[in-house]
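Enquirer: I have a structure here, written as structure tokens, and I will follow up with some questions on it.
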Amino acid sequence: MLKKREVSLLLMMLLLLQSPLYAVSINEIFSKVVPQIPQIFLDTVMLGNLYFLIAIGITLTFTVAKFANFAHGDVATVGAYAAYLLYNFAVIGGVVNGLAVELGYISTIGGLIILSIWYILRRRGYGNTLLALGIPIFLTGLTVLYGCYVGANLVDLIIVAATTSAVTSLLSYLLVYKPLKTRNASLVQLMVASIGVALFIRYALYEMTWYSRTYFNTEIAYQNFGMPMTSYQGWFINGTLVIVNATAALYFMNKIPAIKIGAGGIKLTSLSVEEYYKLPPQPNISFTDLYIWSTITVIVIVLGLMLLFKKTKIGKAWRAVADNPILAAACGIDVESVINLAWLVAGALAGIGGLFWAIRTQIYPELGWMVLLNAFAVAVLGGLGSFWGTFAASYILAFAEQLGVSILAAINPQFTGYRFLIPFSVFLLVLYVKPEGLASIKKRKA
Amino acid sequence: MNSNSRNSNYILEVIDVRKRFGGIIALDGVNLKVKRGSMTALIGPNGSGKTTLFNVIAGVYKPDSGKVIFDGTDITGWPPEKIYHRGLVRTFQVPRMFKAMTVFENVLTAAKGNPGERFSTSPLRKIWKAIELKIAEKAVDIMELLKILHVARNLSSAISGGQMKLVELARGLMSDPIMLLLDEPAAGVNPTLAHEIFGFLRNLNKEQGISMLIIEHRLDILFDYVDYVYVMHRGKVVAEGTPKEIVENPVVVDIYLGEA
Amino acid sequence: MDKVGLVLGIIVVAIIAVFAAINVSYALDLIFFIAFYAIASLSLNLEYGYTGLSNFGKVGFIAVGAYIAGVLSAAFNVPFPLCVLAAAVAAAAVGAFVGIPTVKLREDYLGMATIIIGEMIRILLRNTPTNSVWGGVFGLRGIKPPFAFIKDPLARQFAYVGLSVFLFGLVYWLIERWGNSPLGRVLKAIRDDELAAKSVGKFTYRYKLLSLTLGSAIAGIAGALYAFYFLYLNPDTFIPLITFMIWVMVIIGGMANNAGVVLGTAIVILINRITQIAKDYIKLPLEPNYFQAMLVGLLIILFLMFRPQGLVPEKPVNTPSWEVLEKAEEEGRAKPPGGEEQ
């Protein structure tokens, strides 16, 4: 016990010792960071949402499969790419892309075939795997077709990202991890295999970008997602928060939509251009659509998972399998179906997370991998396998990162390159001080 | 450390040990004493907490409260490796082999105080060769005694379950233990061999004075050999006595009938 | 070595000989790469093959070794042997730093911690000031060649490659000795069943930590060799893919079998080189570098699934104890009892 405390103290001291090296007074940093606090909190929510979407999948598969899946990030990239391609290339120059339509039909019909095989085999008591595989494939096909003929909107993209990642995730389980488990592979071997899967997926995507570059003259790596974003800006004026649709301000001459939140309640109004330009040049807060979408998505997912775990039979079965798969099987629970579902859900959430990450930054084959390492930090801080632990850890880590970046920027704008180190340092600190993560704190109280 | 005189009567004392896993109470205040040089049995239906108690004594789990005193030393919360060096050795219910290694290596590994086990000295054979040879002699002797010498070259994952049990026992004997904790030493073995194993254990007990605490389900065989019996049920010791007393104890009969 | 290993070994040597006949400098380069990667994969074999530790950040430890050696040489003119030593010590320190909290936890934690440390090191190196000796994204320059006094470039290369092979031989000898001693048994016991190893009195935490630390030190030596071969370091060469190349070498070769691991290293490198040459002659609708990385992933999975023991399976730990067993068997003490078993 003492040892641990000593080590953590030592680390803290090291961190403290560094600060005078920068020869910037604490006060100066303070005066730069404090005005940014509302923005930091806002960014924390958004970054936390994105961390949560990736990390929760690691937690979910961990509950049933009991190993850290290193391919999770790359599964997310697959979904992100599927959505990116659908959004940008389903319709090219007003013409529906034949390849996309073909893929859509193949996937729809393939899904239907798998489902019908399942329907035939259903009575013999097996083939649930086919059901788990058939539904997302069928859905992928439908959404692709919808995207081609009607036009891809965000919901469409979320569905396609979720289903493709879910299929990838489930396939990786069925083709790799499951056979390895039946061969009594050790934990380390499963982890190594998941790295194999990760490499295969990532470089297959790289290969795809190369193919597109070479044969279609189209660059699809390191591209912006291209989704138009509405940006909002907010000012604190006399105790009232005024949020203005800043994108509208660029196009509309008059009547810029705005919301006033203050003591008098929430009021939808509009500002004239003169009023808009009277506002201080630097907004107190600014955010985009993505902040709103990601928050709504996370709320829906958390509620959905809560309902699944607390209210349904499947949720109970899931928890039983997580606790003790052998006992669960003995109690007549269809363990295989539960595990299939876990991989599907984890993959789907990863896909959605990957999509949002791609919208936020750029799309490139290494996207998921870069996020995965942060997500590991989240999962470990959350206590590996704990739902609420992961939830809390996502936002704690996001806050640490946002605050850290602000401080770094205040010291020297060049230092923001070190932002990646913040979650990693937290991760190492957690390992030294409290390896059981946040979950242990909750347990102790109970 | 050597305070044998302080508690010369009992080699192992378990005092009010409690352990819970989440909502399940596995050990609910267990009290148990093993006389020095005795062969004591621990019986009870499945899930009564016997193996958990073993794990607590051997240091795999830390008890929530209570004490484990071994040979006059409070070993509560010690790690398993330290307890082993103190002279208390356990075997597992499901044998845990070093499965990619041969039986011979499995037994050799368990030896204490081999200087060739250090990173610094192991590259220099001269330093450890003599002791290694001695250890090998001892391993061969023990394996011959346990009748597993003919499988010495087999992979330890490729022998029968009964032989694995014996390999575990051989590993335990390599360290000249003061006491053995044996978790079902004769499980999955035919009755003749089971008698043979218990006879052998009794001999060890008599000749070398090794104390033993044994978990076993086959009471008919077990009761011919042991001195004293503890009965556990739902995380508690519910009865104790000589085998004869236990057989006649209505509580024990109740538990075992209730189980069936 | 058994039959498969022997045949493959002869093929590998033959291919290298053919390269040497065509172009000596190319063959020397090839041999250096095999020696460099073999040191790295042997260090992983110590960690994973013997002790069962999942070090997914090997490249990070190599990078630490390379950069420490490089900076010492470029900025402070420290002589080559001291640089190598410093590289080993620095990498070992990083290894211990990661190992102290993680090796007592489940294997997952070490895997995640090492992979994160590996990336952390790369990002740190990328973000070093470009005008300092570290060089940031522009890389580290100015490493002094250890055999600068040899004027003929081919002879200089020959000397350096010879030195690398010698160091490789030293590492091989050391790990082979560790493996074929009572220590080897303990490490394998920890790998096979840590709880059982604890129950027979092995202080597993200490062994795991030492294994990781020494493995990292060896990786640091490999890094130093790399630095003095290229005399230029760039943070972006130390990507995670290198780590997994090393993993493939160990998995293909056979864990806990040093000769097998070296063979696996040679095979992976030769495949790499031959595809590099072949891509100029055979046009495939594929990018060969990406395809190779896909192949790395696929090989990991296929070997784990169908030949987890690798091409050359591990052998029993070879100590004088077997003589004792042999003698006992000759004396007829190893008779099966009555034929009722088996």
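Enquirer: State all residues of the stretch B:124-149 that are closer than 13 Å to B:Glu105 by Cα and of a type in the set (Lys, Arg); if no residue qualifies, say none.
Expert: Matches in the stretch B:124-149: B:Lys138 only.
Enquirer: Also: Kindly indicate whether C:Leu195 is within 14 Å of chain B (Cβ to nearest Cβ) and either small (Gly, Ala, Ser) or under 30 Å from A:Phe70 (Cα atoms) (or both).
Expert: Here the answer is yes, as C:Leu195 does meet what is asked.
Enquirer: Identify, by number, the condition in (1) within 22 Å of the chain's Cα centre (by Cα); (2) more than 30 Å from A:Leu372 (Cα to Cα) that C:Lys151 doesn't meet.
Expert: Only one criterion in (1) within 22 Å of the chain's Cα centre (by Cα); (2) more than 30 Å from A:Leu372 (Cα to Cα) is unmet by C:Lys151, namely (1).
Enquirer: Sticking with this structure for a sec: If C:Ile277 passes every condition in (1) surrounded by fewer than 20 Cβ atoms within 10 Å (Cβ to Cβ); (2) within 14 Å of chain A (Cβ to nearest Cβ) but one, which one does it miss?
Expert: For C:Ile277, the exception is condition (2).
Enquirer: Okay, next question. Return the residues of the stretch C:16-32 that are buried (at least 17 other Cβ atoms within 10 Å of the Cβ) and over 22 Å from the mean Cα position of the chain (by Cα); say none if nothing qualifies.
Expert: Residue satisfying the conditions is C:Phe19 alone.
Enquirer: Please indicate, with yes or no, whether at least one residue in the stretch B:253-260 is under 26 Å from B:Thr102 (Cβ atoms) and out of contact with any Ser or Thr (no Cβ under 7 Å at 6 or more places or on another chain).
Expert: no
Enquirer: If a residue must be aliphatic (A, V, I, L, M) and modelled with pLDDT of 85 or more, how many such residues does the stretch B:232-260 contain? Steps first, answer last, please.
Expert: Of all residues in the stretch B:232-260, those aliphatic (A, V, I, L, M) come to B:232, B:237-239, B:246-247, B:251-253, B:255, B:257, B:260.
Filter again for modelled with pLDDT of 85 or more, leaving B:232, B:237-239, B:246.
The qualifying residues number 5.
Enquirer: Check C:Leu286, C:Leu298, C:Leu311 and return the single one that is facing another protein chain (nearest Cβ under 7 Å), outside any helix (DSSP H, G or I) and under 30 Å from C:Phe32 (Cβ atoms).
Expert: Result of the check over C:Leu286, C:Leu298, C:Leu311: C:Leu286.
Enquirer: Hey, another quick one. For the list (1) in contact with a helix residue (DSSP H, G or I) (Cβ under 6 Å, 6 or more places away or on another chain); (2) at pLDDT 85 or above; (3) over 25 Å from A:Gly73 (Cβ atoms), I need the number of the one condition that A:Leu131 fails.
Expert: Against the list (1) in contact with a helix residue (DSSP H, G or I) (Cβ under 6 Å, 6 or more places away or on another chain); (2) at pLDDT 85 or above; (3) over 25 Å from A:Gly73 (Cβ atoms), A:Leu131 comes up short only on (2).
Enquirer: Taking the condition of being under 21 Å from B:Gly66 (Cα atoms) and not in a loop (DSSP other than H, G, I, E, B), how many residues in the stretch B:76-97 meet it?
Expert: 9
Enquirer: Another question, if that's okay. Do you know which residues across the stretch A:279-307 are free of Cβ contacts under 8 Å to residues at least 24 places away in the same chain and within 21 Å of the chain's Cα centre (by Cα)?
Expert: A:Ile292, A:Ile296, A:Ile299, A:Val300, A:Leu303, A:Gly304, A:Met306, A:Leu307
Enquirer: What's the total number of residues in the stretch C:85-125 that are surrounded by fewer than 19 Cβ atoms within 10 Å (Cβ to Cβ) and of a type in the set (Lys, Arg)?
Expert: Qualifying residue count, the stretch C:85-125: 2.
Enquirer: Something else now. Given the options C:Gly139, C:Gly162, name the one that is farther than 24 Å from C:Asn257 by Cβ, more than 9 Å from chain B (Cβ to nearest Cβ) and surrounded by fewer than 16 Cβ atoms within 10 Å (Cβ to Cβ).
Expert: None of the other options fit; the residue is C:Gly162.
Enquirer: Being more than 8 Å from every other protein chain (Cβ to nearest Cβ), surrounded by fewer than 18 Cβ atoms within 10 Å (Cβ to Cβ) and outside any helix (DSSP H, G or I): is that true of B:Lys62 here?
Expert: Taking the combined requirement at face value, the residue satisfies it.
Enquirer: So how many residues does the stretch A:351-377 have that are part of a helix (DSSP H, G or I), in contact with a helix residue (DSSP H, G or I) (Cβ under 6 Å, 6 or more places away or on another chain) and either aromatic (Phe, Trp, Tyr) or within 11 Å of chain C (Cβ to nearest Cβ) (or both)?
Expert: Residues in the stretch A:351-377 being part of a helix (DSSP H, G or I), in contact with a helix residue (DSSP H, G or I) (Cβ under 6 Å, 6 or more places away or on another chain) and either aromatic (Phe, Trp, Tyr) or within 11 Å of chain C (Cβ to nearest Cβ) (or both): 9 in total.
Enquirer: Does any residue in the stretch C:144-160 that is small (Gly, Ala, Ser) come within less than 8 Å, Cβ to Cβ, of a residue that is in a loop (DSSP other than H, G, I, E, B) six or more places away or on a different chain, and which pairs are these?
Expert: Once the first residue is small (Gly, Ala, Ser) and sits in the stretch C:144-160, its partners that are in a loop (DSSP other than H, G, I, E, B) give C:Ala159/C:Phe147; C:Ala159/C:Ile150.
Enquirer: Please list, ordered by residue number, the strands (runs of 3 or more DSSP E) wholly in the stretch B:179-241 having 3 or more residues that are surrounded by fewer than 21 Cβ atoms within 10 Å (Cβ to Cβ).
Expert: Numbers: elements: B:179-183, B:211-215, B:228-233, B:236-241.
Passing ranges, in order: B:236-241.
Enquirer: Next question. Residues that are crowded, with 23+ Cβ neighbours inside 10 Å and out of contact with any helix residue (DSSP H, G or I) (no Cβ under 9 Å at 6 or more places or on another chain): which helices (runs of 4 or more DSSP H) entirely in the stretch C:188-272 hold 2 or more of them?
Expert: Passing ranges: none, list empty.
Enquirer: Which one is farthest from B:Ser157 (Cα to Cα) among residues in the stretch C:165-187 that are at the interface with chain B (Cβ under 7 Å from one of its Cβ atoms) and assigned to a helix (DSSP H, G or I)?
Expert: Among residues in the stretch C:165-187 that are at the interface with chain B (Cβ under 7 Å from one of its Cβ atoms) and assigned to a helix (DSSP H, G or I), the one farthest from B:Ser157 (Cα to Cα) is C:Leu174.
Enquirer: Something else about it: Could you please find all residues in the stretch A:199-211 being crowded, with 23+ Cβ neighbours inside 10 Å and at the interface with chain C (Cβ under 7 Å from one of its Cβ atoms)?
Expert: If the condition is that a residue be crowded, with 23+ Cβ neighbours inside 10 Å and at the interface with chain C (Cβ under 7 Å from one of its Cβ atoms), then A:Leu199, A:Phe200, A:Tyr203 are the ones that fit.
Enquirer: Could you please tell me which pairs satisfy a Cβ distance under 7 Å, a separation of 6+ or placement on different chains, a first residue in the stretch A:55-82 that is under 22 Å from A:Ile333 (Cβ atoms), and a second residue that is of a type in the set (A, V, I, L, M, F, W, C) and outside any helix (DSSP H, G or I)?
Expert: Correct list of pairs: A:Phe62/A:Ala68; A:Phe62/A:Leu384.
Enquirer: Here are C:Ile100, C:Ile68: which of them is of a type in the set (Val, Ile, Thr) and either within 14 Å of chain A (Cβ to nearest Cβ) or within 15 Å of the chain's Cα centre (by Cα) (or both)?
Expert: Of the residues listed, the single one that is of a type in the set (Val, Ile, Thr) and either within 14 Å of chain A (Cβ to nearest Cβ) or within 15 Å of the chain's Cα centre (by Cα) (or both) is C:Ile100.
Enquirer: Here's another thing I want to ask about it. Please state which of the following conditions B:Thr73 fails to meet, knowing it meets all the rest: (1) farther than 24 Å from B:Val238 by Cβ; (2) touching a strand residue (DSSP E or B) at 6+ places or on another chain (Cβ under 8 Å); (3) of a type in the set (Ser, Thr, Tyr); (4) away from chain C (no Cβ under 14 Å).
Expert: Here B:Thr73 clears every test but (2).
Enquirer: Hey, another quick one. Scan the stretch A:241-278 residue by residue and report those that are touching a Gly at 6+ places or on another chain (Cβ under 9 Å), under 27 Å from A:Met227 (Cβ atoms) and not β-branched (Val, Ile, Thr).
Expert: Residue satisfying the conditions is A:Leu241 alone.
Enquirer: Still on this structure, I have one more. Give the residues of the stretch A:174-190 that are assigned to a helix (DSSP H, G or I), farther than 13 Å from A:Asn69 by Cβ and within 9 Å of another protein chain (Cβ to nearest Cβ), sorted by residue number.
Expert: A:Leu175, A:Pro179, A:Val188, A:Gln189
The values are calculated or read from the model by the stated rules, or taken from the named source; none is laboratory data. Nothing here was measured: the structure is a model prediction, and the numbers come from that model. With ideal geometry, Cβ positions are generated from the backbone for all residues, glycine too; neighbour counts draw on all protein chains shown.
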